[in-house]
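A.B. asks: One structure, as structure tokens, below. Some questions next.
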Amino acid sequence: MIEMVRPLWFDGPLAVSQSSWPEPATICPAVASRQAAGSRNISATTTTSIHTWSMSEPEHVAVTRQVYDHSAALYAEAVGTVVSPAFETSLDTGILEVFAKDVLISGGGSVLDIGCGPGRVTAFLADRGFPVSGIDLSPAMIETARHAHPSLQFEIGSLTDLGVADRSLAGAVLWYSIIHTPPARLGSVWTELERALAPGGRALIGFQSGDNEQIERTDAYGSAATLRRYHHDLDDVVAGIEAAGLTVSAKIWRAAELGHETTPQSFVLAQSFVLVPPPSDEA
Ligand SMILES: C[S@@+](CC[C@H](N)C(=O)[O-])C[C@H]1O[C@@H](n2cnc3c(N)ncnc32)[C@H](O)[C@@H]1O
């Protein structure tokens, strides 16, 4: 099947087929893979940090990094560096606002924008007073985010290696960053999210949704790589998040509405369990 070409990252073109990625027996955490033989050092910043990763990382991770490294400047030009009505409907922005309020009601604290790209959502949350930082797989995206938002903190990281302590996050946003992760690989993303959220911590996930179909783009943005995108099934995403131990408080589906959208969009709000002590017999 061929979609009409609307060449944008958030939604768009090319051949669609049912996803058939096998569940890997194990997925090596990036931390472990850094220690593996064959790791290579890549300078991630013009200042201090060095990030390493293994040659044995999953193919979709390496390809996603390659394509976004190649197209980071183009992305920032096309999509922008702030949340905008061209890419977020009023419902989408409202969901971001609800997430921000929920984090505050739960006591506030650090928020991580995971797969931050040029820092659009990071800046949105910073404007609402949160200590927020962004991580992304792509060093070029991180450089773009730092350039666009010099007062905010951005580091290289991945969906399966957030680089934060257990139970340390009051909130986490995954705004269209799971779209290149095969459905069968999302389990390790939810496990890492559950590990990092503090009790009562909130998560917001946004993505294009469908029946887990895979969209393939060859020579994506002139990178010479074939980038795959997935229209994740909303109920599968909810089930995966709950299987990891988080509680889903809302699942939202909306029809394609913006000019570039060719598929419905979905959003999930989830929460880490709060341990409530059992009622005392003494009254
Ligand atoms: C469509 S862009 C969205 C960027 C940003 N959230 C926004 O709203 O503009 C997808 C981003 O997710 C990042 N990404 C994809 N897979 C990732 C992974 N496994 N770990 C970390 N970042 C990832 C990409 O590098 C890219 O910057």
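What follows draws every value from the coordinates through simple rules; no lab data is involved. This structure is a prediction, so every number in the text was calculated from the model and none was measured. Cβ coordinates were reconstructed from backbone atoms using ideal geometry, including for glycine residues, and neighbour counts include every protein chain displayed.
A.B. asks: Within 10 Å, count the other beta carbons around each residue, average over each peptide in 177-187, 102-112, and list them highest first.
C.D. replies: Sorting 177-187, 102-112 by mean packing, highest first, produces 177-187, 102-112.
A.B. asks: Same structure, new question: So for the stretch 49-165, what percent of the C-alpha to C-alpha distances run longer than 18 Å?
C.D. replies: 53 percent
A.B. asks: Further question on the same structure: When Asp236, Asp69 are ordered from fewest to most other Cβ atoms inside 10 Å of their Cβ, what list results?
C.D. replies: Asp236, Asp69
A.B. asks: Give me the mean projected area, in nm² to one decimal, of the convex hull enclosing the Cα positions of the stretch 29-271.
C.D. replies: For the Cα atoms of the stretch 29-271, the hull's average projected area reads 12.2 nm².
A.B. asks: Please arrange Trp175, Trp253 by counting, for each residue, the other beta carbons lying within 10 Å of its beta carbon, fewest first.
C.D. replies: With the fewest neighbours first, Trp175, Trp253 line up as Trp253, Trp175.
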